[in-house]
Amino acid sequence: MPTITCFEDLEIWQIAREISVNVYLFTKTKFFSKDFGLVDQIRRSSGSVMDNIAEGFEREGKNEFIQFLSIAKGSAGECRSQLYRAKDQEYISIEEFEMLKSKLLMVSVKIKRFMDYLKTTELKGNKYKR
C-alpha cells in the first residue's frame, strides 16, 4: 500500500472532489440555478464531503480522522437526498441523477471501509509521534 502524505492522495477525497465538481455544473443550469435554497444546500453538502476528509486528515490523529470521516459520510448521504429533490423537480436528467447517485454511494462505501480499517490499525497518527 503506498504511503499517503497528503489528503489529495486519498482516493475518497478525489472522488468527493469529482462529486462536488459535478454538483456545481448541474446547479448552474437554467432551472436548477433559480432554486437558491436547494442549490446552496447541495453545494454545501457536496463540498462538506471533501472538506471533512481533508480536515480529518490534517488533524493527524486517528480518532479525529475517523470522526471527520463519519461527518463526510453523513454529508454524502445528505447530498444524495438532495439529489433526489433535484430529480423530482426535473432539474437534472435521470442519467445525471444515476451517475451522481452512483458516485455518492461509492464514496460512502469507501469511506466506511476506510473508517473500519482505521479502527483496527495500530497506527495512531503523526500527532502522537512527537
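No value in this document is a laboratory result; all are computed from the given coordinates. All values reported here derive from a predicted model rather than from experimental measurement. Please note: Cβ atoms are built from the backbone with ideal geometry, for glycine as well, and neighbour counts cover all protein chains shown.
Here are some notes:
- In the chain, the DSSP-assigned H stretches of four residues or longer account for a calculated mean residue ellipticity at 222 nm of -25500 deg cm²/dmol, using -39500 (n - 2.57) per stretch and the full residue count as denominator.
- Which labelled figure in [x] 41, 31, 28; [y] 53, 21, 21; [z] 73, 36, 16 is Cα extents along the principal axes in Å, once derived from the coordinates: [y]
- Degrees, to the nearest 10: 94-120 long Cα axis against longest axis of the chain: 10
- As a rough footprinting exposure proxy, the listed residues Ile53, Ile15 were ranked by other beta carbons within 10 Å of their own, and the order from fewest upward is Ile15, Ile53.
- Neighbour cut-off at most 13 other Cβ (10 Å), DSSP loop, GluC sites (Glu not before Pro), the stretch 65-130: Glu90, Glu122
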